[in-house]
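**Student:** Submitted below is the structure of interest, expressed as structure tokens.
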Amino acid sequence: MSAIRGCKGEAAAELHVLAVDDSSVDRRLIERLLRASSYRVTTVDSGKRALELLGLGKENNTSSKGPKVNMIITDYCMPGMTGYDLLKVVKESSALREIPVVIVSSENEGAEDFLLKPLRPADVSRLRSRIGGSTS
């Protein structure tokens, strides 16, 4: 994982990551890995609980009660609310949209990589390296 940056150059020990996963085993693994790198970690078992923790009520109104979170790491496939659904709600909130969200998935259906649109020249280089071609 690349470094997580805070708003004012905060040290990793000051950074707070919210980990969302319906699997208790995966939550503990994420928590252990991040804490070993000196991150403060809060874990929840669902997108709904994540929104509650972030201060988003049933009407998706942001309250000031939620803790400051520097990043959200969420499982993609969860019952009730997927990680993508959580991402959409967070990005629709004016108070939360600047929080980086990373989606984790155990299912790739055989995909070798994932690319974000729009494609960039660097993406083409990554593709070429996947098939063993040279760049000349």
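The values are calculated or read from the model by the stated rules, or taken from the named source; none is laboratory data. Because the structure is predicted, anything quoted here is derived from the model rather than measured. We place every Cβ from the backbone using ideal geometry, glycine too, and count neighbours over all the protein chains shown.
**Student:** I'd like to verify a number: residues in the stretch 36-54 that are part of a loop (DSSP other than H, G, I, E, B), aliphatic (A, V, I, L, M) and either surrounded by fewer than 16 Cβ atoms within 10 Å (Cβ to Cβ) or over 15 Å from the mean Cα position of the chain (by Cα) (or both), how many?
**Tutor:** Number of matching residues: 0.
**Student:** Can you find, within the stretch 1-26, the residue that is modelled with the lowest pLDDT among those that are hydroxyl-bearing (Ser, Thr, Tyr) and assigned to a loop (DSSP other than H, G, I, E, B)?
**Tutor:** Per the stated criteria, the residue is Ser2.
**Student:** If you don't mind, there's one more thing I want to ask. Step by step: first the residues of the stretch 100-136, then only those that are under 24 Å from Leu15 (Cβ atoms) and in contact with a Ser or Thr (Cβ under 9 Å, 6 or more places away or on another chain), then the one that is surrounded by the most Cβ atoms within 10 Å (Cβ to Cβ). Which residue is that?
**Tutor:** Here the answer is Val101.
**Student:** Give Pro121, Pro100, Pro67 a once-over and let me know the one that is more than 16 Å from the chain's Cα centre (by Cα) and either at pLDDT 80 or above or β-branched (Val, Ile, Thr) (or both).
**Tutor:** None of the other options fit; the residue is Pro121.
**Student:** Being modelled with pLDDT of 95 or more and surrounded by fewer than 16 Cβ atoms within 10 Å (Cβ to Cβ) is the filter; apply it to the stretch 86-97 and report the residue that is farthest from the chain's Cα centre (by Cα).
**Tutor:** It comes out as Glu92.
**Student:** If a residue must be within 20 Å of Asp21 (Cβ to Cβ) and without any contact (Cβ under 8 Å) to a residue 12 or more places away in the chain, how many such residues does the stretch 78-98 contain?
**Tutor:** Total satisfying the criteria: 2.
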